Amino acid sequence: MTSAVEVRNVSCRLGEQEVLTSVNLAIAPGELVTLVGPSGCGKSTLLRVIAGLEDPTTGTVLVDGVDVTTTPAEKRRVGLVFQSNALFGHLRVDRNIAFGLRHLAKQERRERVADMLDLVKLGNLAHRYPHQLSGGEQQRIALARALAPRPPVVLLDEPYGALDEVLREEIGWEVKEILSQRNTAAILVTHDRHEAMTLGDRVAVMDSGRILQCDIPRTVYDNPSARFVADFLAVSSYLSLPSGEETLVRPHQLRISAGGSHVVSRIEFLGATSRYTVVMNDGSTVVADVDPSTPLRVGDSCSVHLHEKG
């Protein structure tokens, strides 16, 4: 099956800095890949290269199997949604959505706009202006406008960053469902690790211009390819084995009990669990999620035990 979008050995230099180095990524139709990594690692630059807003130094960009590396941005059939949704403030909602449909006949354009408004469940807002919409409504209209030309892929660059946490989660799931209905591939850049793990069919972790790992969330969480991936995606602890090697453990894999040679240094109440940070007798620290009724306080001595991994 042809990938909706693919980058092959893409590198990109901006000035004296190489921002992307030999990046490879292929996304199937209808697949949502979340792209995470620290600020400045190249996430947004990768999207700009795919969109045609930046030229790669080397490598190839394909959309629907067609090499578009030298194709102008406006001819690439790539949808874009950013945090600042970039709606045209002087145009009504319906005309914002119709902006990229000028190649269609008037009736077909009208029907496409109505279809998009129904898709994002905002058909009653067609004649409003962007400033009359809530933040969530603006982002759904921005998505409708991006999807209106029926692109094989949509690029979402931290589109929910300005929304509150509850609305962010709600809109995130709505967008995922809409993209799935349209069988449209998407790359979602996010700084929110929870969002990346819950929304992504696959999660791609970047650092210093490279994709270190791209796999289904469970695999990236349980079997990270590098210590950076393990630490970036979730709270990590490392226990020393008798062999002298270290093993990665997550907070749910540890339990603690009173008495021993280690010391509780912090306790965070998380609701269903409490998160204990423990200073081990070798000076390292581990983090354990345990029952809130555990009768230990900061400064108490404790022992640390490993549950079965999984």
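All of the numbers you see were taken from the coordinates with simple rules; none came from a lab. Owing to the predicted nature of the structure, the values given are computational and were not obtained by experimental measurement. In this analysis, Cβ positions are derived from the backbone assuming ideal geometry, glycine residues included, and neighbour counts consider all displayed protein chains.
Using only Cα atoms and rounding to the nearest 10 degrees, what angle (0 to 90) does helix 106-119 make with the longest principal axis of the chain?
The two axes meet at around 20 degrees.
Taking the Cα centre of the chain as origin and charging only Cβ (+1 Lys, Arg; -1 Asp, Glu), how large is the dipole, in debye to the nearest 20?
Rounded to the nearest 20 debye, it is 1060 debye.
Could you tell me how far the Cα centroid of the stretch 29-90 sits from the Cα centroid of the stretch 3-24, in Å?
Here the answer is 11 Å between Cα centres.
In what sequence, highest mean first, do 55-65, 23-33 appear when ranked by Cβ atoms within 10 angstrom?
23-33, 55-65
Which of the chymotrypsin sites (Phe, Trp or Tyr not before Pro) found in the stretch 51-117 are in a DSSP loop and have at most 16 neighbouring Cβ atoms, other than their own, within 10 Å?
Qualifying residues, ordered by number: Phe88.
Residue-wise, which Karplus ³J(HN,Hα) couplings in Hz belong to the stretch 87-103, taking 6.51 cos²θ - 1.76 cosθ + 1.60, θ = phi - 60°, and x for glycine or proline?
Karplus-based 3J(HN,Hα) across the stretch 87-103 equals 5, 7, x, 8, 10, 5, 4, 4, 7, 4, 5, 7, 4, x, 10, 5, 7 Hz.
Please compute the net charge surrounding Ile50, taking Lys and Arg as +1 and Asp and Glu as -1 over other residues with Cβ under 10 Å from its Cβ.
For residues surrounding Ile50, the net value is 0.
Glu31's amide H: which non-local residues (gap 5+, or another chain) put their own amide H closer than 5 Å, with H modeled 1.01 Å from N in plane and none for Pro or chain starts?
Ala185, Ala186
I'd like the orientation of helix 135-147 relative to the chain: the angle between its Cα long axis and the longest Cα principal axis, in ° from 0 to 90, rounded to 10.
60 degrees
With θ taken as phi - 60° and the coefficients 6.51, -1.76 and 1.60, list the Karplus ³J(HN,Hα) couplings across the stretch 224-240 in order, rounded to whole Hz; mark glycine and proline as x.
Values, residue by residue: x, 7, 8, 4, 4, 4, 4, 6, 6, 7, 7, 4, 10, 10, 10, 9, 7 Hz.
What is the sum of charges around Leu62, taking Lys and Arg as +1, Asp and Glu as -1, for the other residues whose C-beta is under 11 Å from the C-beta of Leu62? Don't jump to the answer; show the numbers that get you there.
Values: positive: Arg8, Arg76; negative: Glu6, Asp64, Asp67.
So the environment of Leu62 carries a net charge of -1.
Applying the Karplus parametrisation 6.51 cos²θ - 1.76 cosθ + 1.60 with θ = phi - 60° to the phi angles of the stretch 54-67, what ³J(HN,Hα) value in whole Hz is obtained for each residue in order, glycine and proline being reported as x?
Running phi through 6.51 cos²θ - 1.76 cosθ + 1.60 with θ = phi - 60° gives 9, 8, x, 6, 9, x, 9, 10, 10, 10, 6, x, 9, 5 Hz.
Where does helix 165-181 land angle-wise versus the long Cα axis of the chain, in degrees 0 to 90, nearest 10?
Helix 165-181 sits roughly 60 degrees off the main axis of the chain.
Between Leu241 and Asn223, what length in nm is gained on full extension when 0.36 nm per residue of separation is reduced by their alpha carbon distance? Spell out each step's value before the answer.
Working: separation 18, 0.36 × 18 = 6.48 nm, distance 1.80 nm.
Full-extension gain reported as 4.7 nm.
Do the sum for the chain: with -39,500 (n - 2.57) for every DSSP H run of n ≥ 4, divided by all residues, what is the mean residue ellipticity at 222 nm, to the nearest 500 deg cm²/dmol?
That calculation yields -7500 deg cm²/dmol at 222 nm.
How about the stretch 206-268: which GluC sites (Glu not before Pro) there lie in a loop by DSSP and see at most 13 other Cβ atoms within 10 Å? Kindly include the intermediate steps, with their values, before the conclusion.
Numbers: sites: Glu245, Glu246, Glu268; in loops: Glu245.
Passing both the DSSP loop test and the Cβ count: Glu245.
What does the C-alpha gyration tensor say about the overall shape of the chain? Classify as rounded when a/c is under 1.5, otherwise prolate if a/b is larger than b/c, or oblate. Present the calculation step by step, with values, prior to reporting the outcome.
Details: a/c = 2.96, a/b = 1.81, b/c = 1.63.
Prolate shape, in that a/c is at least 1.5 and a/b is the bigger ratio.
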